[in-house]
């Protein structure tokens, strides 16, 4: 049986297509795959770094709020007393693991009560108010971070209701 010329060309194309990819095609596909995997690794690394930073910022906010909420339970005289409100403090990211030295980032804070600046409030209020500032500093990797919150406390504020029951 004799094959025609068109049949031979069709048979030749079929056998070449079934034989596989050429070396150049394989190298191009490998290069594209390497670029894709490298990009994927970069995305994961960036995502994990963003999550870590967000967790540290959230923990810093929790510490600041905790210190400022404790002000609400102090009398006006206790605000300036370092026994009740130490001027400096340290808290770790995970305090329950401090004993094992696995507490994570350490937040160093300052507690600063002061009279409000002249002109910020009417003078009759200003002398009966205290501006409380809590500042946190911490280092994550080689980057220094800082957060600060402030609140006012009044001489006859909520502490009188809580401690005396008025």
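The values are calculated or read from the model by the stated rules, or taken from the named source; none is laboratory data. None of the values given here were measured: they were computed from a predicted structure. Cβ placement follows ideal geometry from the backbone for every residue including glycine, while neighbour counts extend to all protein chains displayed.
Brief remarks follow.
- Subset of the range 47-61 [surrounded by 12 or more Cβ atoms within 10 Å (Cβ to Cβ) and either within 23 Å of residue 85 (Cα to Cα) or within 8 Å of the chain's Cα centre (by Cα) (or both)]: 52, 53, 55, 56, 57, 59, 60, 61
- Checking the stated criteria, residue 90 turns out not to satisfy the condition of being at pLDDT 90 or above and more than 29 Å from residue 49 (Cα to Cα).
- Residue match in the range 94-106 (condition: surrounded by 15 or more Cβ atoms within 10 Å (Cβ to Cβ), touching a residue at least 40 places away in the same chain (Cβ under 8 Å) and either assigned to a loop (DSSP other than H, G, I, E, B) or touching a strand residue (DSSP E or B) at 6+ places or on another chain (Cβ under 8 Å) (or both)): yes
- Residue list for the range 107-132, filter: surrounded by 15 or more Cβ atoms within 10 Å (Cβ to Cβ), in a strand (DSSP E or B) and free of Cβ contacts under 8 Å to residues at least 12 places away in the same chain: 121
- Selection from the range 62-89 of residues that are part of a helix (DSSP H, G or I), under 25 Å from the mean Cα position of the chain (by Cα) and surrounded by fewer than 17 Cβ atoms within 10 Å (Cβ to Cβ): 62, 65, 66, 69, 70
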